[in-house]
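Working notes for the structure below.
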Amino acid sequence: MMMFALPALVLIPFLGGFAAWIAGLRGATRPAWAVSLVTLILMLLVLVNVTLASLSAGTGGWFAHFSMPWIPLLGINLRFDLDGLGLVMLWLNALISFPCALLSARNVSERAGLFHFLLLSTIAGINGVFMATDLFLFFFFWELMLLPLFGIILIWGDAGRQRAVLKFFLFTQGSGLLMLLAILGLVIVNAQRTSVITFDYFLLSQTAMITPVAGVLMLGFFLAFAVKLPMVPFHAWLPDTYAASPAAASILLSGVLAKTGGYGMIRFVVMLFPGPAAHLAPVAMTLGVVGILYCAWLAVAQSDIKRLIAYSSISHLGFILLGVFSGTRIGMEGAIAQMVAHGLSTGALFVIAGLLEDRLGTRDMAKMGGLWPAMPQFSAFAMFFAAASLGLPGLGNFVGEFLVLMGTWQVSHTMTFFAAAGLVLSSVYSLTMMLRVFFGPRRSEASSPLGALSVPHVAVLGVAALLLLALGVYPQPVLNLSVPASPHSVSYAQEQAQ
Amino acid sequence: MTPIPAIVWGVSLVATLLPLVIACPLFVSIILMLTGGKLPARATTLLVGAGMGLCALFAVISAYSFLTGPDSLGALHVVLWNWMQVGNFTAQIALSLDRLSLVMMLVVSCVGFLILVYACAYMYDDPDIARFFAYMTLFVASMLLLVLASDLLAVFVGWEGVGLCSYLLIGFWYGEQANAVAARKAFVVTRVGDALFLLGMLLMATAVGSLDIPTLLAVGPHAPSTTLTLGMFLLLGGAMAKSAQVPLQTWLPDAMAGPTPVSALIHAATMVTAGVYLLARLHGLFVLTPAAMLACAVVGFVTILLAAGSALVQTDIKRILAYSTMSQLGYMYLALGCGAWHAAMFHLVTHAFFKALLFMAAGSIILRVHHEQDIFKMGGLRKDMPWVFTAFLIGSAALAGLPLITAGYFSKELILGSAYEVSPIFWAGALFGAFLTSIYIFRCVFIVFWGGHRTHAHGRSGMAMALPMAILSVLAIAGGWMEMPDAIANVHIFSNLLSPVLGALPQEHGTSLLIVGSLVPIAGVTIAWTLWRPRDVAPTPAESPAIATLRADWGFDTLYDRIFVRPFMVLAHLNRRDFIDRFYDLIAALTQGSGQAIARLQSGQVRRYAGWIAAGTVAALCLAV
Amino acid sequence: MNAADPNGALIVAVILFSLGALGVLVRRNLLFMLMSTEVMLNAACLAFIAAGNRWHLADGQVMFIMIVAFAAAESAVGLAIILRMHAAGRATLDADTGNRLGG
């Protein structure tokens, strides 16, 4: 059972997506939506099953394994392995994908089947990214998660979507190409050394340790993930893309897709090339700090609420870079906690931004203002997530940021100092957002009756708030579980064999 | 035969009650948030009263059982759960009760209870009363966590929590843009301090390996002295921002935008004193870093004088009180810098009494004169509201430190004496500050309560407002009798209470200092009377550029605006479209442009193609040759 | 003229080729352009013949025959296009007006 759980996590959403497409062919929105939800619930059940089995296997190391030949001639296998980091990320993906599907019922009225198919394929791709341990397979999923998303933005996006998608496409595909080259390079170097052609993560990690060209190869991986994360100065695609995306895509992009970059940094940069990564660390950390400050600064000046959240999101992702490259365990744990917390808080903020856009018909904060009395419940939620995003202790983001800062402190005091300055700036833009949207006098344009929150919105925001609170107050389970397993530690398959 | 069970019961009672002290206001807050304003005002006030009453009751019971228990000299730890544990770093959510936190807990819960009862009447007609009390009770819970937490990181949770509640409450009437802006300013300025605090914690955690305060106090002294000094400087920075000390003081006057009970609770009695408490808590480390202590004393010294100077020319009654709070906090910082922990804590307690009283009285006035806050538009209120007048007078007397009969006198004398030990300059400055204090507060008293009517007072302050004021009036007078110099009476209840934690009270000084210190407030009141006693013409505020600067906080606000805020915002707006993004756009434009330029070659004119072919051939031949 | 010395023939060929190229470039009449192309091809033929003569190989003549065949085909196609365009209503032979392939 456990054996097939991993591929099932990829196959279920993919097949479910097909089913949703077929269900939506007649043009009805409801059936596609229902199929999509059922698929996600199925996926969640499998995930629960995997988690239970993993927990009983104990913490640390690899929990589960699946392998099947795909193209034996080139040594390409369908190989999945699951460790704590992957498991936590899978959970994040599952949690974020629910609101995407749930809340889309309102916004997506035409070609709903296609929408759900694309959405679920993206989710399948992301699941695959978090589990694949064959580099070719990893690359396959990496592309699989991006392509449907292009479609979603292109078909259901806002004004300016063509340009945004083109930018997104060029950045991610360009960097993806670099990663492909790096993968091929690594395989060739390995083949020259051992005369075996293989794309296996564990086997390649041996070569990656010793080869003299490791630095160049690592750079290929690094750039791909740096663009995806994104790291300054490769962030230019993000604000445009987030702003032009439909709500579901913004949530998915900010909540999970950015985390694939962080995940890749850990698994394929730091763990695969520990030596060169240590050399790169000062540069990466500096760029992380620059990103924290620069994007926080940009966020203050935005008048489009989605762009503000987008820039704030890049600013927070700087902490992930900082933590991953601090080279300390505490920093790494912090980065992972930050990934989870940031996924929840920014995802929730995008839910809020989407709802505002939906109700007011604008994203321009100059046209909002004084919304609190009109939508008190919703404003209270916004306040909560703004507080989370400015790193209020007791909420999840603080745990991540504090641990990252603590890890960084052991490496460089100066960088920690500047990163802490980012905390001040984060309060500036978060509170500016609250000020401009919810406080102050009512603007006449926005005086249309806004109505009560819909039940799905309350449920989604409430669950996100509870999870953030839980993560902030008692983060230990996540910290314990999310330890990334080293490629050099005995893999689950080998363990079974012994 | 075995009295042990009873004692154990006593201790475990404290261990049970201590979390409940925090949980009571927290639950009230959660209930109010979840009901989302659907509770009627009556139910809300009842709920708040009950919750806060229970909180104060539990605090008193646990204080009593702790002091009568076997462990009353030490500390009681209640570990609730492990917060985070990574590698060899552990942070716990744990509460600890010792005599210092006990005093602070009592101040927060009891004064908090009184102010919330007052607030129930004050805010009764506000449609958003539930939201108000949700924030207020959340504040009390955070403050109690700050006070009781035994781990510095957990202290930080409370620390930021009170900051957030302060933000929410300053901006409570968010309909006015100015209030929301003031709230944001308060949060951001204190956040600067919080970042320093965080860095200080990181430093300590790395040097010591733990943020548990007892561990810090035990192991910290073995850390290298530069590390320790830097760490204490950073923590001092955090404390200063929270306590509105120069140069991070600019947020406090603006914070008066909040409802008056908020000012009484947060910006007078509790939150702003959190920094003082923190430093007193860490005095074992603080004392090892003379440089940080000196800085602390200088900051306090400067703040006393600057804030008193500003208070002298304010026209808004709440701003006068805000500046006086700042100035009084300056005394506490001066005391901390001089190593007079007892004096600082004592002044903290008495200040909580009389400043809360002053704010409540001011709130009653404001409520009854139609939300007028300009003192020059009031006058002759002595006869309209005699009881409020009495309360305000008692508060003012205590603030001015009129000798013997007020609480402020004893605590201020203790600080003046310790300051003299360190440096006569500090003493002289603080004394001058006391002189200014008595002038500005009695200026306010004489203008508001004497002279002709310039406004109409209506209504009465109800029981719920009067009773807390009465209780605090008594405390503002009698609270000082807990601790008297030997020259007057040998009473040392307060210092005996705290000496197990803070060490013995230092030697006393001659009576000459005491006499000078007693005469100065009286002189101040006299001067205030000669300047602002009721005359035929209505008093008007003095105007001149110098006074305008003084009124605007010595120009600090303008300075910060010019140096930090405006360049930051202007540059941010200039770069709104992100020059890195522009750079990529430039590449895109170049690519597109060159593509179009080359595309133009494809004109469809055969002759031109032929020309290009010829030119190309010639060029190729040239290259080949 | 020395049979083994192709210089003279090559000079003539170059002059012919240049004239042809010039004709293609400066004339706007399609017919004249076609004729100029023929001239250029003939210049090439001349060069081949001269070179074949110089090396005593038949290749030059082979190439000549091929080029003549090409030239015939080319002018047939070119003339056909011109006629076709004329039939389609273009009453001009100006090459520069033909840059809108409105497919």
Those residues that are in contact with a strand residue (DSSP E or B) (Cβ under 9 Å, 6 or more places away or on another chain) and within 13 Å of chain B (Cβ to nearest Cβ), I need them from segment A:333-363; list them, please.
A:GLU333, A:GLY334, A:ALA337
So B:ASP578 fits all but one of (1) surrounded by fewer than 16 Cβ atoms within 10 Å (Cβ to Cβ); (2) within 13 Å of chain A (Cβ to nearest Cβ); what number is the exception?
(1)
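Those residues that are under 17 Å from B:LEU114 (Cα atoms) and crowded, with 17+ Cβ neighbours inside 10 Å, I need them from segment B:30-48; list them, please.
B:THR44, B:THR45, B:LEU47, B:VAL48
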Out of A:MET231, A:MET265, A:MET209, sole residue that is at pLDDT below 90, out of contact with any strand residue (DSSP E or B) (no Cβ under 7 Å at 6 or more places or on another chain) and crowded, with 24+ Cβ neighbours inside 10 Å:
A:MET231
A:PRO456 vs. criteria more than 8 Å from chain B (Cβ to nearest Cβ), in a helix (DSSP H, G or I) and at pLDDT below 90
yes
Test for C:ALA44: is it surrounded by 13 or more Cβ atoms within 10 Å (Cβ to Cβ) and in contact (Cβ under 8 Å) with a residue 40 or more places away in the chain:
no
Enumeration of residues in segment A:233-257 that are within 14 Å of another protein chain (Cβ to nearest Cβ) and more than 22 Å from A:THR362 (Cα to Cα)
A:PRO233, A:PHE234, A:HIS235, A:ALA236
Look at B:SER473 and say whether it is of a type outside the set (Phe, Trp, Tyr) and crowded, with 20+ Cβ neighbours inside 10 Å.
yes
Qualifying residues in segment A:420-453 (those that are assigned to a loop (DSSP other than H, G, I, E, B) and within 9 Å of chain B (Cβ to nearest Cβ)) - the one modelled with the lowest pLDDT:
A:ARG442
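Does A:ALA388 fit the bill of being more than 10 Å from chain B (Cβ to nearest Cβ), assigned to a helix (DSSP H, G or I) and crowded, with 24+ Cβ neighbours inside 10 Å?
Yes, satisfied.
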Identify, by number, the condition in (1) at pLDDT 90 or above; (2) more than 9 Å from chain A (Cβ to nearest Cβ); (3) under 28 Å from B:ALA94 (Cβ atoms); (4) out of contact with any Pro (no Cβ under 6 Å at 6 or more places or on another chain) that B:PHE187 doesn't meet.
(2)
Test: B:ALA624 is more than 30 Å from A:PHE169 (Cα to Cα) and of a type in the set (A, V, I, L, M):
yes
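Please state which one of B:ALA130, B:ALA183, B:ALA207 is over 18 Å from the mean Cα position of the chain (by Cα), more than 27 Å from B:ALA280 (Cα to Cα) and in a helix (DSSP H, G or I).
Checking each option against the conditions leaves just B:ALA130.
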Would you check if A:GLU357 is within 25 Å of A:LEU229 (Cβ to Cβ) and among the acidic types (Asp, Glu)?
no
Report, by residue number, each residue of segment A:147-169 that is part of a helix (DSSP H, G or I) and touching a residue at least 60 places away in the same chain (Cβ under 8 Å).
A:LEU149, A:ILE152, A:ILE153, A:TRP156, A:ARG161, A:ARG163, A:ALA164, A:VAL165, A:LYS167, A:PHE168
Would you list the helices (runs of 4 or more DSSP H) that sit entirely within segment B:242-324 and hold 2 or more residues that are touching a residue at least 60 places away in the same chain (Cβ under 8 Å) and within 25 Å of B:GLU176 (Cβ to Cβ)?
B:251-254, B:260-264, B:290-311
Output for segment B:131-148, where each listed residue is closer than 21 Å to B:LEU34 by Cα, within 14 Å of chain A (Cβ to nearest Cβ), crowded, with 24+ Cβ neighbours inside 10 Å and aliphatic (A, V, I, L, M)
B:ALA134, B:ALA141
Only residues that are buried (at least 24 other Cβ atoms within 10 Å of the Cβ), within 13 Å of another protein chain (Cβ to nearest Cβ) and in contact with a Leu (Cβ under 8 Å, 6 or more places away or on another chain): list them for segment A:292-310, please.
A:ILE292, A:ALA296, A:ALA299, A:GLN302, A:ALA310
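Against the condition loosely packed, with under 13 Cβ neighbours inside 10 Å, closer than 30 Å to A:CYS295 by Cα, without any contact (Cβ under 8 Å) to a residue 40 or more places away in the chain and among the β-branched types (Val, Ile, Thr), how does B:THR591 come out, does it pass?
Yes.
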Is it the case, given these coordinates, that A:PHE398 is among the hydrophobic types (A, V, I, L, M, F, W, C), surrounded by fewer than 24 Cβ atoms within 10 Å (Cβ to Cβ), in contact (Cβ under 8 Å) with a residue 40 or more places away in the chain and within 12 Å of chain B (Cβ to nearest Cβ)?
no
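Kindly indicate which of B:LEU203, B:LEU164 is of a type outside the set (D, E, K, R) and either out of contact with any Gly (no Cβ under 9 Å at 6 or more places or on another chain) or more than 10 Å from chain A (Cβ to nearest Cβ) (or both).
On the way: B:LEU203 fails: either out of contact with any Gly (no Cβ under 9 Å at 6 or more places or on another chain) or more than 10 Å from chain A (Cβ to nearest Cβ) (or both).
The match here is B:LEU164.
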Counting just the residues of segment A:468-487 that are more than 17 Å from A:LEU52 (Cα to Cα) and out of contact with any strand residue (DSSP E or B) (no Cβ under 8 Å at 6 or more places or on another chain), which one comes out farthest from the other protein chains (Cβ to nearest Cβ)?
A:PRO487
Can you tell me how many residues in segment B:403-433 are surrounded by fewer than 24 Cβ atoms within 10 Å (Cβ to Cβ) and either on the phi > 0 side of the Ramachandran plot or charged (D, E, K, R) (or both)?
2
Quick count over segment B:80-90, residues being over 17 Å from B:ILE22 (Cβ atoms), part of a strand (DSSP E or B) and facing chain A (nearest Cβ under 9 Å), is 5
Single residue of segment A:408-419 satisfying the filter (within 9 Å of chain B (Cβ to nearest Cβ) and surrounded by 24 or more Cβ atoms within 10 Å (Cβ to Cβ)) that is farthest from A:THR362 (Cα to Cα)
A:TRP409
Do the conditions hold for A:SER486, that is, is it of a type in the set (S, T, N, Q), modelled with pLDDT under 85 and closer than 26 Å to A:LEU349 by Cβ?
no
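The values are calculated or read from the model by the stated rules, or taken from the named source; none is laboratory data. Everything quoted here is computed from the prediction, not taken from an experiment. Every residue, glycine as well, gets a Cβ built from its backbone with ideal geometry; the counts of neighbours run over all protein chains shown.
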